[in-house]
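Below is one structure; the comments refer to it alone.
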Amino acid sequence: MTFPIATAGGLHVLMIGSPGTGKTMLARRLPTILPPLTPTESLETTRIYSALGRLKPDEPLMAARPFRPPHHTISDAGMVGGGTIPAPGEISLAHHGVLFLDELPEFHRRSLEVLRQPLEEGRVTISRALASSTFPASFILVAAMNPCPCGYLGDPRRPCKCNPMQIERYVARISGPLLDRIDIHIEVPSVPFQELSASADGTSSASMREQVNRARQAQRERFGPDSHRLNGRMTSRQLRRHCVLNDEGRNLLKTAMEDLGLSARAHDRILRVARTIADLDGVPHIRPSHLSEAINYRSLDRKLWAR
């Protein structure tokens, strides 16, 4: 259910799990449940690739949503763009698509910190002495990491060899402000042999894509047919208007904020996730069950970063 929520609402995801649990495979499947590019989105993405000479000779227009998996050695200029004459970086190449950061703590800290503005605003501004350039960068961030340096903390199959100090240094490579901007944090457990060898098919990409399309249609009706805004980009005013909670929901959110020590930004992101879950359920109002699920997606950062 996690990836339909992310794709329906344009929400960012962090996956934490041991090596071999399928984090990379899941990330690479995410574009298959995204709706096709609209004509406007296709033109915007094509303009970026054309400016960098990245268009294929037989593809005058971008037809598929981009999936960009930069290596963890990338520089901050390669990530957001730069140069004497500023050119778009990986986050702009991922515009209207997916930016996948595997082994998140292995990226240079500066390369991660420059993601703050685009994660909030859907664009990035690069300033130089004579002028500044703004490039579009509205993407879904999917990040993956191990729970510790050796990768096996909490794994039932293999013991962890890391001491608490090593684990603390490892997870501290990701700053709190960056983590705060990621909407959904999930643990990816190892897959049991019974499921690996089962002959029954799981939920298909086509079925998930139908759910996502229905949820996005609800958002078009909410924000207007000419608007490309998704729940993940709702402003504070829109949150107050479209994410009204009943007394039970308010008490639930208040308790979570106090017990987990969540920030005001995390409060808003919980509401965006809960609104998206309600859209997938096809109901007009956020129920306490939707809010509870959204809060569970925020509890992981408290568990890891409070070590």
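The values are calculated or read from the model by the stated rules, or taken from the named source; none is laboratory data. Quick caveat: nothing in here was measured; it's all calculated off a predicted structure. Cβ: placed from backbone, ideal geometry, glycine included. Neighbour counts: every protein chain shown. Surface areas here come from the heavy atoms of the whole protein model, side chains and all, with no ligands, DNA or RNA. Shrake-Rupley method; radii C 1.70, N 1.55, O 1.52, S 1.80 Å.
Couple of notes before you dig in:
- Flag for Pro35 being out of contact with any Pro (no Cβ under 7 Å at 6 or more places or on another chain), closer than 30 Å to Leu271 by Cα, in a loop (DSSP other than H, G, I, E, B) and not polar (S, T, N, Q): yes
- Every condition in (1) open to solvent by 10 Å² or more (accessible area, probe 1.4 Å); (2) in contact (Cβ under 8 Å) with a residue 60 or more places away in the chain is met by Leu11 except one, and the failing one is (1).
- Within the range 53-77, the residues that satisfy the criterion of being part of a loop (DSSP other than H, G, I, E, B) and either surrounded by 13 or more Cβ atoms within 10 Å (Cβ to Cβ) or touching a residue at least 60 places away in the same chain (Cβ under 8 Å) (or both) are Arg54, Leu55, Leu61, Met62, Ala64, Arg65, Pro66, Pro69, Pro70, His72, Ile74, Ser75.
- Positions within the range 129-161 being out of contact with any helix residue (DSSP H, G or I) (no Cβ under 6 Å at 6 or more places or on another chain), crowded, with 18+ Cβ neighbours inside 10 Å and farther than 30 Å from Arg233 by Cα, in sequence order: Cys150, Gly151, Tyr152, Leu153, Asp155
- Total residues in the range 102-119, condition part of a helix (DSSP H, G or I), more than 17 Å from Asn146 (Cβ to Cβ) and open to solvent by 10 Å² or more (accessible area, probe 1.4 Å): 5
- Per-region count, the range 238-297, residues under 19 Å from the mean Cα position of the chain (by Cα), open to solvent by less than 20 Å² (accessible area, probe 1.4 Å) and not aliphatic (A, V, I, L, M): 5
- His71 meets the conditions (1) at pLDDT 95 or above; (2) touching a Lys or Arg at 6+ places or on another chain (Cβ under 9 Å) in every case but one. The failed one is (2).
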